[in-house]
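Novice: Got a structure for you, written out below as structure tokens; questions coming shortly.
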Amino acid sequence: MWRAMSFWAGICVGIVAVPVFADGPGGYGNNPYAWIHAGGYETDEDVLFDEATFDWTWGASPVIGSAYCLGDIRQAQTATAKARSRINYHDPFGTGTLSIGGDVETWKPFLVGSGSLPAGTQVPVSLGVGYAGTLQALESVEGKYSYCRASGALTLYDDSAAVLAARAGEAEVECELDESVRHFSTETDGVWDGLLTQGVDGNGDRIYSLSYEDLINFTAVVGQRYWLYFDLATSANSSSGSALGWAGSATFAQANFSNTATYQLGSTADVTFTIVPEPATLGLLTTTGLMLTRRRRTG
């Protein structure tokens with residue numbers, strides 16, 4: 001049932017004069033970043049926070065679809081990802097398919113430090129993870145279908161690139177209209193398998209909720225660096241167009257995870273967590289790199 005779709009993926013890497021660390025594991029670069037892609041909007045610089053809303057129209061057409069994303073890793077111990085994707089129509093003039101998506105990708109290298117424990121001390125660290133959202137598809141065009149999808153992923157590496165923990169989940173909801181009856185189908189995979197709960201919204205229409213929580217425990221070493229990847233992606237899609245104009249092409253599909261996906265680092269030991277490079281240093285390196293680039297261009 002999984003259909004091929006374009007989940008935009010990319011990495012936002014700042015321009016620096018010299019590298020601070022060797023390349024991070026997983027191909028995600030050296031520096032922390034929060035990268036978002038909401039419809040036609042994409043983060044274009046190395047940032048720790050970004051937020052955008054995108055409405056998709058063709059000229060003066062109605063809003064065909066919309067996307068919203070937020071990525072926030074400004075705090076060393078936490079991260080937040082929000083994403084929502086909605087489609088409102090089939091192709092009103094042809095037979096093409098329509099889709100819109102939103103993706104939040106975050107990457108955080110961090111140091112485990114302590115004011116009282118010497119370097120090399122082993123300490124317990126917990127990583128609490130949570131995803132929550134809704135998926136809804138309500139087809140209104142006879143013989144057509146619409147569907148929405150969400151996925152989440154987390155990978156924790158140590159400084160030797162060994163994977164300490166990995167989690168990934170997916171969920172999809174589809175609705176097809178046949179002889180004026182809506183037929184629903186769902187699919188879940190990975191750590192989200194079996195977590196969709198059917199309910200009704202305020203209009204009495206069917207809606208599915210998903211809630212996932214996990215607590216990952218690992219042993220860290222004071223003075224060592226770790227790398228944490230955290231992602232949330234959504235998409236909304238409509239099947240082939242009806243060529244019946246806007247009035248004859250209305251549908252609805254939405255993956256709404258704008259209530260937040262989060263993680264939180266913690267420990268019972270006397271430890272601290274620090275983003276590396278630290279945000280002030282990262283900004284200085286990026287600015288220096290840009291200044292050098294401008295001088296080369298104008299020289």
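The values are calculated or read from the model by the stated rules, or taken from the named source; none is laboratory data. Just so we're clear, the structure is a prediction, and the values are computed from it rather than from any experiment. Methodologically, a virtual Cβ is constructed for each residue, glycine included, from the backbone with ideal geometry; neighbour enumeration extends over all protein chains shown. For the accessible areas, the whole protein counts, side chains as well, though only heavy atoms, and no ligand, DNA or RNA atoms are used. Shrake-Rupley method; radii C 1.70, N 1.55, O 1.52, S 1.80 Å.
Novice: Assess whether VAL125 counts as being open to solvent by less than 20 Å² (accessible area, probe 1.4 Å), within 27 Å of GLU172 (Cβ to Cβ) and at pLDDT 95 or above. Write out each step before concluding.
Specialist: On the way: open to solvent by less than 20 Å² (accessible area, probe 1.4 Å): yes; within 27 Å of GLU172 (Cβ to Cβ): no; at pLDDT 95 or above: yes.
For VAL125, the condition - open to solvent by less than 20 Å² (accessible area, probe 1.4 Å), within 27 Å of GLU172 (Cβ to Cβ) and at pLDDT 95 or above - is not met.
Novice: Given the structure, is TYR157 over 15 Å from the mean Cα position of the chain (by Cα), open to solvent by 20 Å² or more (accessible area, probe 1.4 Å), within 26 Å of ASN88 (Cα to Cα) and not acidic (Asp, Glu)? Give the steps one after another, and end with the answer.
Specialist: Working: over 15 Å from the mean Cα position of the chain (by Cα): yes; open to solvent by 20 Å² or more (accessible area, probe 1.4 Å): yes; within 26 Å of ASN88 (Cα to Cα): no; not acidic (Asp, Glu): yes.
No, not satisfied.
Novice: Next question. Looking only at the stretch 185-210, count every residue that is of a type outside the set (Val, Ile, Thr), open to solvent by less than 70 Å² (accessible area, probe 1.4 Å) and over 17 Å from ALA236 (Cβ atoms) and tell me the total.
Specialist: Of the residues in that region, 6 qualify.
Novice: Among the candidates GLY143, GLY96, which residue alone is over 30 Å from ILE275 (Cα atoms) and out of contact with any strand residue (DSSP E or B) (no Cβ under 8 Å at 6 or more places or on another chain)? Quick ask: steps written out before the conclusion?
Specialist: Numbers: GLY143 fails: out of contact with any strand residue (DSSP E or B) (no Cβ under 8 Å at 6 or more places or on another chain).
Result of the check over GLY143, GLY96: GLY96.
Novice: OK, next. Just one of (1) farther than 28 Å from ARG74 by Cα; (2) in contact (Cβ under 8 Å) with a residue 24 or more places away in the chain trips up LEU210, so point out which.
Specialist: (1)
Novice: Then there is this: Pairs under 8 Å by beta carbon, first residue outside any strand (DSSP E or B) in the stretch 252-271, partner polar (S, T, N, Q) and open to solvent by 50 Å² or more (accessible area, probe 1.4 Å), six or more apart or different chains?
Specialist: From residues that are outside any strand (DSSP E or B), the pairs are ASP270/SER116.
Novice: Also: In this structure, is LEU232 loosely packed, with under 15 Cβ neighbours inside 10 Å and hydrophobic (A, V, I, L, M, F, W, C)?
Specialist: Answer is no for this residue.
Novice: Just one of ARG167, ARG182, ARG149 is open to solvent by 20 Å² or more (accessible area, probe 1.4 Å) and more than 16 Å from the chain's Cα centre (by Cα); which is it? Step through it out loud before you land on a result.
Specialist: Numbers: ARG167 fails: more than 16 Å from the chain's Cα centre (by Cα); ARG149 fails: more than 16 Å from the chain's Cα centre (by Cα).
Testing whether each residue is open to solvent by 20 Å² or more (accessible area, probe 1.4 Å) and more than 16 Å from the chain's Cα centre (by Cα) leaves just ARG182.
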